[in-house]
Amino acid sequence: MDEQALSVRDAIISRRSIKSFNGQPVEQSEIDDILEDAIWAPNHGNRNPWRFVLAAEDNYEQFLEVLREFGVPKWKELSDETLEKQMGKFTSASAAMFVIVPEDARQKQRLEDFAAASTMIQNIQLLAWDKGIGTCWKTPGFIDDPKFRNVLGVQPGERIISMLQFGHFDELPKTKPRTPVEDIVTYWQAEPTE
Ligand SMILES: Cc1cc2nc3c(=O)[nH]c(=O)nc-3n(C[C@H](O)[C@H](O)[C@H](O)COP(=O)(O)O)c2cc1C
């Protein structure tokens, strides 16, 4: 087993979504290694309800043109300076990966598959964090755009549920406190019997 720097607990608690990257490279092989481990996520019926489209290294540089087209509204009308600024959210990251799930016609299976893929995505985020790589799960509107789906080769009956950005970072974002457990747990108790 690879050496692990963080305990599971520390990884879960310390991980933050990174929205500001520093442009340092992340190799495709690092992401491949993360995926090899992340796919051990629980999934009902062992349907493995996920596939990925990954743009990394030089391919990510090329993919920035696609992100410009779909991710920056009216990009052709912007000044170079404004366009560069708006592209910053993409250019500072080092790779982008799209997680695609089947949309089962049966609602129960569809929900299970979405839930399973979500646990797998969290595995990716935690494994990346353990390697010092930041991620952010993003759901920009264009992931449902038919033209964008076409560029990625997404088939009818499939859905992109996440654009995951990967990159290194200099600063840890502020932690957003969670709703305290005592506010959300109901301790069930049996009615006392006479
Ligand atoms: C399903 C899902 C969709 C998300 N979509 C976006 C998004 O479109 N843009 C974004 O900046 N962050 C997105 N996030 C990240 C959340 O904003 C982030 O998890 C939240 O602010 C808590 O921060 P933390 O992950 O650092 O604890 C998404 C997270 C999830 C789970």
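For the range 141-157 and the range 10-88, compute the distance between their C-alpha centroids and round to whole Å.
Using only Cα atoms, the two centres lie 16 Å from each other.
List the residues, sorted by chain then number, that are 5 or more residues from ALA95 or on another chain and whose placed amide H is less than 5 Å from its amide H.
PHE166
Which cross-chain or sequence-distant (5 or more) residues have an amide H under 5 Å from the amide H of ILE18, H modelled 1.01 Å from N in plane?
THR135, CYS136
Within the range 8-184, what is the number of lysine pairs with alpha carbons under 12 Å apart, leaving out pairs fewer than eight places apart on the same chain?
4
Using the heavy atoms of the protein chains and a 1.4 angstrom probe, tell me the accessible area per residue for the range 8-184 in square angstrom.
Averaged over the residues of the range 8-184, the accessible area is 59 Å².
If you line up the long axis of helix 107-130 against the longest principal axis of the chain, both from Cα atoms, how many degrees apart are they, to the nearest 10?
70 degrees
Nearest-5 percent of antiparallel DSSP beta bridges in the range 8-184?
Around 95 percent of the beta bridges assigned by DSSP in the range 8-184 are antiparallel ones.
Measure nothing fancy, just the Cα-based angle from helix 80-91's long axis to the longest principal axis of the chain, in degrees from 0 to 90, nearest 10.
With rounding to tens, the tilt is 40 degrees.
Once the Cα atoms of helix 57-71 and of the chain are each reduced to a long axis, what angle between those two axes, in degrees from 0 to 90 to the nearest 10, is obtained?
90 degrees
Tell me, what % of the accessible area of the range 48-139 is carbon and sulfur with a 1.4 angstrom probe?
Details: 2390 of 4820 Å².
Exposed carbon and sulfur together represent 50 percent of the surface.
Evaluate the charge dipole of the range 8-184 about its Cα centre and quote only its size in Debye, nearest 20, assuming +1 on the Cβ of each Lys and Arg and -1 on the Cβ of each Asp and Glu.
Approximately 740 debye in magnitude.
Could you give me the ³J(HN,Hα) list for the range 170-179, computed from phi with Karplus coefficients 6.51, -1.76, 1.60 and θ = phi - 60°, whole Hz, x at Gly and Pro?
With the stated coefficients, the range 170-179 comes to 9, 10, 7, x, 5, 7, 8, x, 9, 4 Hz.
The values are calculated or read from the model by the stated rules, or taken from the named source; none is laboratory data. Keep in mind the model is a prediction, meaning the values are calculated, not measured. Every residue, glycine among them, receives a Cβ derived from its backbone with ideal geometry; neighbour counts consider all protein chains shown. Accessible surface is based on the protein model in full, side chains and every heavy atom, while ligands, DNA and RNA are left aside. Shrake-Rupley method; radii C 1.70, N 1.55, O 1.52, S 1.80 Å.
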